[in-house]
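Asks: The structure follows.
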Ligand code: SIN
């Protein structure tokens, strides 16, 4: 009998590909990589193409010492593609696509924006493809962002289970998060506008196993914050599968975490990774800015 959960093994291939214009240093066996020795605003088109390939390969990449202005951050975001509509946040004055995520030192909240495992706004018809996040001020410890590689996690399921999952459509909705945050914080979450709120609460059905539009790689499209069930299943039927898949994807073997420094810029692929930003740095200020790049309808 296999009574003990078997630790994932094999198929960890987070090595760097051969690049002519950038240098890439992998972070963990599962995912993530540092792009070394480059400055984002000065990247040639050839280097930028390789950066995108590295992002698709490692799911999350980061660069140290960038210290971008809002204008430079916005210009880099624009290079990745058209900006996405953000469901919650608004841009800073003069740079509407650069959205602040700031927690003050004296702010204590039981729940934080992005504090649970999620993929960005999957309740939209066309959820964002890529998110960039830039650190300006960070706590001396804590505030690390974590990611999970949902393509690698999918490959580590048995063939029978993978075949079963391929037939399912996942219901992504902001409903449970909206209600839970409302109870915890005593105030409803602010959506960027009424239309987005209604679309978010209603949610969308997407393929549970989605195919990456650039690489053709299959990945689980699941998360803790927004997955509310599967098409045609009762909540009681769906919940054990959702719980299992979230636990499976977020086990340490499939993750990486980034310790931020002022000037670090990270970016991740929401089509193949979940992430969370923990609420573990009370007493310290954390000032971050993000952009989101539009995605296509998951298939
Ligand atoms: C996010 O979920 O986009 C924010 C993550 C973080 O603040 O680390």
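Every read-out reported here was derived from the displayed coordinates using simple, explicitly stated rules and does not represent laboratory data. Because the structure is predicted, anything quoted here is derived from the model rather than measured. Reconstructed Cβ throughout: ideal geometry from the backbone, glycine too, with neighbour counts over all protein chains shown.
Asks: By counting other Cβ atoms within 10 Å of each Cβ, how are 121, 192, 158 ranked from fewest to most? Please list the in-between numbers first.
Replies: Values: 121 25, 192 16, 158 8.
With the fewest neighbours first, 121, 192, 158 line up as 158, 192, 121.
Asks: Okay, moving on. What ranking, highest mean first, results for peptides 292-298, 139-145 when packing means the other Cβ atoms within 10 Å averaged over each residue?
Replies: 292-298, 139-145
Asks: Rounded, prolate or oblate: pick one for the range 21-63, where a ≥ b ≥ c are the square roots of the eigenvalues of its C-alpha gyration tensor, a/c under 1.5 means rounded, and failing that, prolate if a/b is larger than b/c, else oblate.
Replies: prolate
Asks: I need the calculated FRET efficiency for the pair residue 125 and residue 78, taking r as the beta carbon distance and R₀ as 22 Å, to the nearest 0.05.
Replies: It comes out at approximately 0.50.
Asks: Taking the alpha-carbon set of the range 1-147, what are its Rg and Dmax in Å?
Replies: Reported Rg and Dmax, both Å: 17.7, 62.
Asks: How high is the FRET efficiency between residue 42 and residue 257 when r is their beta carbon distance and R₀ equals 30 Å, given to the nearest 0.05?
Replies: Here the calculated transfer efficiency is 0.60.
Asks: What is the fewest-to-most order of 108, 52, 159, 103 by other Cβ atoms lying within 10 Å of their Cβ?
Replies: Fewest-to-most Cβ neighbours within 10 Å comes out as 159, 108, 52, 103.
Asks: Stretched out fully, how many nm does the piece from residue 23 to residue 235 gain, at 0.36 nm a residue minus the Cα gap?
Replies: 71.7 nm
Asks: Next question, about the same structure. If packing is taken as the average count of other Cβ atoms within 10 Å, what order do 174-186, 57-69 fall into, highest mean first? Show your work: numbers first, answer last.
Replies: On the way: 174-186: 15.2, 57-69: 20.8.
Output ranking for 174-186, 57-69: 57-69, 174-186.
Asks: Give me the orientation-averaged projected area of the Cα convex hull of the range 99-188, in nm², one decimal.
Replies: 8.5 nm²
Asks: Hey, another quick one. Shape verdict for the range 23-293, please, from the Cα gyration tensor: rounded (a/c under 1.5), prolate (a/b greater than b/c) or oblate.
Replies: Oblate shape, in that a/c is at least 1.5 and b/c is the bigger or equal ratio.
Asks: Compute the separation of the alpha-carbon centres of the range 21-66 and the range 176-194 and state it in Å as a whole number.
Replies: Cα centroid of the range 21-66 versus Cα centroid of the range 176-194: 35 Å apart.
Asks: Continuing with the same structure: Can you tell me which of 71-79, 3-11 comes out highest on packing, and rank the rest after it, using the mean Cβ neighbours within 10 Å?
Replies: 71-79, 3-11
Asks: Here is a follow-up. Taking every pair of alpha-carbon atoms in the range 184-299, give the share separated by more than 17 Å as a whole percent. Let's see the in-between values first.
Replies: Numbers: 4681 of 6670 pairs.
I get 70 percent for the Cα pairs in the range 184-299 exceeding 17 Å.
Asks: Where a ≥ b ≥ c are the square roots of the eigenvalues of the C-alpha gyration tensor, would you call the range 116-267 rounded, which needs a/c under 1.5, or, failing that, prolate if a/b is larger than b/c, or oblate?
Replies: Oblate, since a/c reaches 1.5 and b/c is not below a/b.
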